[in-house]
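Data first, discussion second: the structure below is written as structure tokens.
The values are calculated or read from the model by the stated rules, or taken from the named source; none is laboratory data. Predicted model, so just to flag it, every value in this text is computed and none were measured. Here the Cβ positions follow ideal geometry from the backbone for every residue, glycine too, while neighbour counts run over all protein chains shown. Calculation scope for accessible area: heavy atoms of the full protein, side chains included, ligands and nucleic acids excluded. Shrake-Rupley method; radii C 1.70, N 1.55, O 1.52, S 1.80 Å.
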Amino acid sequence: MDLSTILGIMAAFALMISAIMMGGSIFLFINIPSVVIVLGGTIGATLVHYPFKNVFRAFAVLKKAFFHQSESPNEIISRLITLATKARKEGILSLQMAMYDIEDAFFLKGLQMAVDGQEPETLKEMLDREIEYIQERHEDGADIFLAMGTYAPAMGMIGTLIGLVQMLQTMDDPSTIGPAMAVALLTTFYGAVIANVICIPVAGKLKNRSQSEVLLKTLIAEGMKSILVGENPRIMEQKLHAFVAPQLRESNFNKK
């Protein structure tokens, strides 16, 4: 579970609600027509822009912003070094038993290809191609939420115009001015909140998640290629440390 995402959203809404309640009732900021205009308009515009399956997939990817669990680069390097050492001593087929301890589907696929006797360059090329497809899918999800963050304020402005038109048409009846004005102002408020508290931050988080995942998968691809060519584990570690910030690097050969 990603606490920063959850705490960030909760903190933003908590502070807004607190500020609202200091000046009056929170029910003054609840307006169903405004919600319908902003949410309905935003979802509708997004479906016009993107195919339905892409939008559905984006909401499936949304869980990555709230729930994320992966090994650190150092943990993956350590596992790759262990596999490389075993392969040099006992042969590449000895890695078959290690497959039962790997949960990551990408890592497992690379190891399976290595055990099956795939050529190093071919293995690296196939894994790189899969990384590209993964990156494209993640970028599509982030782009959809970014688009929703663009449409929501625009729908808020449309709702404002609707409320103003309704208000101007009924100026002779004071009882209708309040509801129309509420629609006019609250749609802008809802649009700004949806865009700047949810959609745009979530898009940014998904892009960060994608970059981290691509880094780890590239690390795995490089490591599997090094294992297949029989590279010295010490040299292999130095090569893989290029993926880790200098202050975070951990050597597997200096441990007591």
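For segment 98-196, give the magnitude of the charge dipole about the Cα centre (Cβ charges: +1 Lys/Arg, -1 Asp/Glu; no others), in debye to the nearest 20.
Approximately 680 debye in magnitude.
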Rounded to whole angstrom, the alpha-carbon centroid of segment 183-256 lies from that of segment 1-42 at a distance of 31
What number, in percent, do you get for the relative contact order of segment 1-102 if the mean sequence gap of Cα pairs under 8 Å and at least 6 apart is divided by its residue count? 36
Accessible surface of segment 76-223 [probe 1.4 Å, protein heavy atoms]: carbon and sulfur percent: 59
Taking the dipole about the Cα centre of the chain, with the C-beta of Lys and Arg at +1 and of Asp and Glu at -1, give me whichever of LEU219, GLY141, ILE162 is farthest to the positive side. LEU219
At 1.306 mPa s and 10 °C, plugging the Kirkwood radius over alpha-carbon pairs of segment 26-154 into Stokes-Einstein gives what diffusion coefficient in µm²/s? 86
The answer for GluC sites (Glu not before Pro) in segment 1-92 that fall in a DSSP coil and have at most 16 neighbouring Cβ atoms within 10 Å is GLU71
What does the charge count around ASP104 come to, taking other residues whose C-beta lies under 14 Å from its C-beta (Lys +1, Arg +1, Asp -1, Glu -1)? -3
Classified through the alpha carbon gyration tensor (a ≥ b ≥ c as square roots of its eigenvalues; rounded if a/c is under 1.5, else prolate when a/b is larger than b/c, else oblate), segment 16-97 comes out oblate
Set the bar at 27 Å for Cα to Cα. Now go through LYS63/LYS239; LYS64/LYS86; LYS53/LYS205; LYS205/LYS239; LYS86/LYS205; LYS63/LYS225 and name every pair that lies beyond it. LYS63/LYS239; LYS64/LYS86; LYS205/LYS239; LYS86/LYS205; LYS63/LYS225
